[in-house]
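Undergrad: One structure coming up, written as structure tokens, with questions to follow.
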Amino acid sequence: MGDLYMQNMIGSIDPVAFNLGPIEVAWYGIIIVTGMFLAVWLSIREADKLGIREDFIVDLAFWMIPMGLIGARIYYVLFELPTYLADPIRIFFIWEGGIAIYGGLILGFITMYWYSRKNDVPVWLLVDILAPHVMLAQAIGRWGNFINQEAHGGEVSRQFLENLRLPEFIIEQMNIGGTYYHPTFLYESVWNLVGFVVLMLLRAKKDLMLRGEIFLGYLAWYGLGRFFIEGMRTDSLYIGDFRVSQVLSLLLLITSIGLLIYRRFYDYPKPPYYSEGIKPEKEFREKKKKYDQRKK
């Protein structure tokens, strides 16, 4: 009786953290904002070491974060278009759920590319700075799905979850309506956290990573993990019989590996090393321009 009582207590995580008058502040929002704040703070520190001013990263965040959220919503709506065309006002009801990380990454990247070109900051260097921190923010953000009991996988037994040596509060939060489910939020969070550590270790090796390779490594790592984890989820967006995120993950994985190989072994002139920062950019551009003119 006592064990059953404890399970019920542990499993009842309120998605609302607190109230500000009539406004409910959800744990999901707090967790997402925490991940974003940490990513921005880490990016400011790293950018400063490489010759990019602090206010550039702050200003970039003010553009990228809102556009990323808009992109995440648009992406989801486009793949559920018949539902939203039947009741268009619901497009703006984001509190009902329905944002997709790939949409956020796509529009966030487009915004970053535009802003970096506008301010003459090397795009490949900037994405290398941001990529590991974005992966960390994604690892944190998945715990918002845990609180909301969403983005889970198919049905499993309680014994299966116990065999994973999960703490009781995670096991019981995966008990939804009396049925236990795969904690795919946890699988992706751990995968992203390991990826963050790997990318940070590689980035710390002086004269090892060429500019752009950290970002391409991020795409390959995330694409590989998401491809398999997405296959376990029950809330995937589809195009015909194909899961959209699996298709996109596979494309990212293949493209990023192809670019890594091409830029490392076939492209010329070679990009500067990441650790060189912004300083050799002018020299690299001039060398690239002369080489391209000779090819013509």
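A short reminder: the numbers here are calculations on the coordinates, not readings from a lab. Bear in mind that the values here come from a model prediction, so they are computed numbers and not experimental data. Here the Cβ positions follow ideal geometry from the backbone for every residue, glycine too, while neighbour counts run over all protein chains shown.
Undergrad: Mind telling me which of Ala139, Ala47, Ala86 comes out most flexible in a GNM of the chain, alpha-carbon contacts under 10 Å?
TA: Ala86
Undergrad: While we're here: Would you list the membrane-span-like helices of the chain, meaning whole DSSP H runs whose alpha-carbon atoms span at least 27 Å along their axis and whose mean Kyte-Doolittle value is at least 0.0? Provide the component values of the computation, followed by the final result.
TA: Numbers: long enough: 27-49 (34 Å, 0.93); 54-79 (37 Å, 1.26); 123-148 (36 Å, 0.98); 184-203 (28 Å, 1.38); 244-265 (32 Å, 1.55).
Correct list, ordered by number: 27-49, 54-79, 123-148, 184-203, 244-265.
Undergrad: Give the whole-number value, in cubic angstrom per residue, of the convex hull volume spanned by the C-alpha atoms of the chain.
TA: Details: hull volume 53.0 nm³, N = 296.
Per-residue hull volume (Cα only) is 179 Å³.
Undergrad: What number comes out for the charge environment of Arg226, summing +1 per Lys or Arg and -1 per Asp or Glu over other residues with Cβ under 15 Å away?
TA: 0
Undergrad: Quick check for me: using +1 on Lys/Arg Cβ and -1 on Asp/Glu Cβ, what's the dipole size of the chain about its Cα centre, in debye to the nearest 20?
TA: Details: 30 positive and 30 negative charges, 413 e Å.
In total the dipole reaches around 1980 debye.
Undergrad: Rank Val197, Val134, Val25 by mean-square fluctuation in a GNM of the chain with C-alpha springs under 10 angstrom and give only the top-ranked residue.
TA: Of Val197, Val134, Val25, the Gaussian network model singles out Val25 as fluctuating most.
Undergrad: OK, next. For a quick check, take a GNM of the chain with Cα springs below 10 Å and name the residue from Trp63, Trp27, Trp95 with the largest mean-square fluctuation.
TA: Ranking Trp63, Trp27, Trp95 by mean-square fluctuation puts Trp95 first.
Undergrad: Looking at segment 36-85, which GluC sites (Glu not before Pro) are in a loop (DSSP not H, G, I, E or B) and have at most 16 other Cβ atoms within 10 Å?
TA: Sites meeting the loop and neighbour criteria: Glu80.
Undergrad: For segment 102-219, compute Rh as the Kirkwood radius over C-alpha pairs and then the Stokes-Einstein diffusion coefficient at 10 °C and 1.306 mPa s; write the answer in µm²/s, rounded to an integer.
TA: In µm²/s, the coefficient rounds to 98.
Undergrad: In the structure shown, do any of Lys49/Lys206; Lys205/Lys282; Lys205/Lys290 have a Cα-Cα gap over 20 Å, and if so which? Don't skip to the end; give the middle numbers.
TA: On the way: Lys49/Lys206 13 Å; Lys205/Lys282 23 Å; Lys205/Lys290 30 Å.
Over 20 Å Cα-Cα: Lys205/Lys282; Lys205/Lys290.
Undergrad: Still on this structure, please answer the following. Rounded, prolate or oblate: pick one for segment 44-188, where a ≥ b ≥ c are the square roots of the eigenvalues of its C-alpha gyration tensor, a/c under 1.5 means rounded, and failing that, prolate if a/b is larger than b/c, else oblate.
TA: Numbers: a/c = 3.35, a/b = 1.53, b/c = 2.19.
Oblate, since a/c reaches 1.5 and b/c is not below a/b.
Undergrad: Before anything else, pin down the relative contact order of segment 1-140: Cα pairs under 8 Å, at least 6 apart, normalised by residue count, whole percent.
TA: Contact order relative to length: 29 percent.
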